[in-house]
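One structure is given below, encoded as structure tokens.
Values in this text are rule-based calculations from the coordinates and carry no lab data. In this text, all values refer to a predicted model and were calculated from it rather than measured experimentally. Glycine gets a Cβ as well: all are built from the backbone with ideal geometry, and neighbour counts include every protein chain shown.
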């Protein structure tokens with residue numbers, strides 16, 4: 001009788017062990033909570049991002065790349081940099097600098113190789129975005145850009161009506177306009193639209209969604225006073241985010 005009780009007790013204990021083991025296997029794995037707030041030193045980049053290089057951060061959750069305070073060369077007819085343009089490659093998240101030009105030379109900018117950049121910036125505060133179109137007429141071919149009047153995170157699909165062109169998407173000189181922002185002559189301010197996105201159609205047929213956040217360092221809420229000597233040190237700095245649809249021809253660009 002005693003042996004039978006011992007056997008029953010062992011069977012009962014084994015059953016309990018199997019029960020709790022089964023319960024533990026059915027539970028969801030413990031997932032560490034995402035960091036809250038913004039990346040240190042920023043007021044717009046989520047804290048969960050992973051650093052790619054000195055200026056680029058990747059949000060692995062939505063595959064959005066954030067470019068933070070990328071310094072641009074000074075431009076303009078009297079600039080010390082001599083019209084030196086800055087190119088950018090979406091795949092490597094890196095800048096490609098062009099060749100310097102003399103102050104009076106208005107010929108096309110040149111780069112070591114045009115295949116390494118997807119767009120370059122120039123003009124006032126480096127506010128003009130130029131694509132690497134495959135044709136000079138700005139109509140046929142690929143390597144184009146356009147502005148869409150939709151918030152970045154609400155733009156899930158490339159519109160069928162998107163009018164891609166080689167031409168620069170520069171700051172409008174009045175408001176409202178069809179560009180990504182506008183330039184206030186009275187105060188020499190750059191003001192990006194918060195509810196607009198850029199779309200690039202790359203030469204290989206992929207689409208890229210972009211939001212220009214600011215061309216001032218650290219993304220200030222208000223443009224600095226252009227009369228202040230320190231303003232020169234705050235611009236131009238590229239602050240933008242983008243998402244690449246890696247499948248050629250796929251127009252889905254959802255990031256939420």
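By other beta-carbon atoms within 10 Å, ranking 118, 188 with the fewest at the front produces 188, 118. Please find the FRET efficiency linking residue 54 to residue 30, where r is the Cβ-Cβ separation and R0 is fixed at 25 Å, and quote it to the nearest 0.05. Efficiency at R0 = 25 Å is approximately 0.15.
Once the chain from residue 134 to residue 61 is taken as fully extended at 0.36 nm per residue, the excess over their C-alpha distance is 23.0 nm.
Here the gap between residue 163 and residue 184, fully extended at 0.36 nm per residue and compared with their Cα-Cα distance, gives a gain of 5.0 nm. Here each label is just a point 7 Å from Cα along the line to Cβ, and for residue 251 and residue 92 those points are 3.2 nm apart. Full extension of the chain segment joining residue 228 with residue 43 gains 64.3 nm, where the gain is 0.36 nm per residue of separation less the Cα-Cα distance.
Each of 251, 146, 161 was scored by other Cβ atoms within 10 Å of its Cβ. Listed from fewest to most, they are 161, 251, 146.
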